[in-house]
Amino acid sequence: MPRVLIAAIGAVMLMLFLGPRFIRWLRDHEVGQFIRPQGEIPEGHAEKQGTPTMGGLLILLAMAIPFLILSSRSTAAMTVLFTTLACGAIGFVDDWMKIVKKRSLGLSGRWKMIALVVVAIVLSVIAVRVVGIPTTIDLHIVRSASFEIGPIAFGILVLLVLAGATNAVNLTDGLDGLAAGTMAIALLAYIGMTFVVTGQRDMAIFAATLMGACVGFLWFNSYPASVFMGDTGSFALGGAIAALAVMTKTEFLLIFVGGVFVIEALSVLIQVLVFKRTRRRVFLMAPVHHHFEMAGWSETKIIVRFWLIALVFAAIGFTLFFRTLPT
């Protein structure tokens, strides 16, 4: 347990030390956020134009250093780290293209998906052939709710989890501190699952360092934000939680552990499908956090309430995991 705590604290302290210097560098080099045109965003977001972005690089650095020092670098944990960095690289390319083109459109969706397919193949092959993860889907509703699906279907499942998580976290990253705070809560649940329940120390250290990096990032990303994580951060965080789910056989439980991310993604899906069929909108604006903004809620109220919802979902996920472990 001391190593897990030291890992989290170390990531926080490293983030607080590097943060001001990194943000100053971003400002000096005009690495700023490009906001979508008016009409596509709520009023008040235009003033965020030019806020330093790509803070995800700082999250990855604050996470990776203490993790590599304190962990025993097991294959499973290193694979999770690889997935996190690979997804972060996809987001970095997207952010960089936005900065170079000086507009809000970066890497095309097709190229993002191709890259995610490659990462998913590597993750699933290592998980099954090297780490020995069973090619099953565990529902964690009752202890016997586990079904063999075979390696090909398992690979498809990994891709769905990876693509879903990265895009869901990316959609959630629309308010100051929302994605980082929600992810820290989800990672706290994974610390409990991997260390308290199953004793997977390296996985717990990874989750702890990433949680610490997210908490430290909130110091600079809380409203009004001094820096945004950008797609570099949101894709990396999505990749991390997806890889943790694969390595701990909690792909189904990710629906609960990352409940806010699921709600955000579903709100966009529902909005698009209903509008195409009826030309009417279910929400004032999607993702759903923008709906509440349009309804008159303050940004801080939305963030705090979504964090509370995330706590409830994470507690449900942890409880289901704990109750359905074999005795």
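Each value in this text was obtained by applying a stated rule to the coordinates, not by laboratory testing. The model shown is predicted, which means the values in this text are computed figures rather than measured ones. Note: ideal-geometry Cβ built from the backbone for every residue, glycine included; neighbour counts use all protein chains shown.
Quick notes
- Sum of side-chain charges, residue 300 neighbourhood, beta-carbon under 13 Å (Lys, Arg +1; Asp, Glu -1): -1
- Taking amide H atoms as placed 1.01 Å from N in the peptide plane, the amide H of residue 136 lies under 5 Å from those of 149, each 5 or more residues away in sequence or on another chain.
- Of all segments of the chain bounded by trypsin sites (Lys or Arg not before Pro) found in a DSSP loop with no more than 16 other C-beta atoms within 10 Å, the longest spans 144-278.
- Shape call, the range 45-188: gyration tensor on alpha carbons, a/c limit 1.5: prolate
- Applying 1/(1 + (r/R0)^6) with r as the Cβ-Cβ distance of residue 114 and residue 82 and R0 = 22 angstrom yields a FRET efficiency of 0.80.
- Computed from the Cα positions only, the extents of the chain along the three principal axes stand at 55, 51, 35 Å, in decreasing order.
- Length released on extending from residue 148 to residue 308, taking residue separation times 0.36 nm less the Cα-Cα span: 54.1 nm
- Förster radius 45 Å - calculated FRET efficiency between residue 29 and residue 316, Cβ distance, rounded to 0.05: 0.55
- Between residue 301 and residue 278, the contour length at 0.36 nm per residue exceeds the Cα-Cα span by 5.1 nm.
- The C-alpha atoms of the chain define a longest principal axis, and helix 150-172 lies at about 30 degrees to it.
- Relative to the dominant Cα principal axis of the chain, helix 230-247 is inclined by about 20°.
- Inter-label distance for residue 156 and residue 325, nm, one decimal - labels placed 7 Å from Cα along Cα-to-Cβ: 3.3 nm
- Rounded to 10°, Cα long-axis angle of helix 201-221 versus longest principal axis of the chain: 10 degrees
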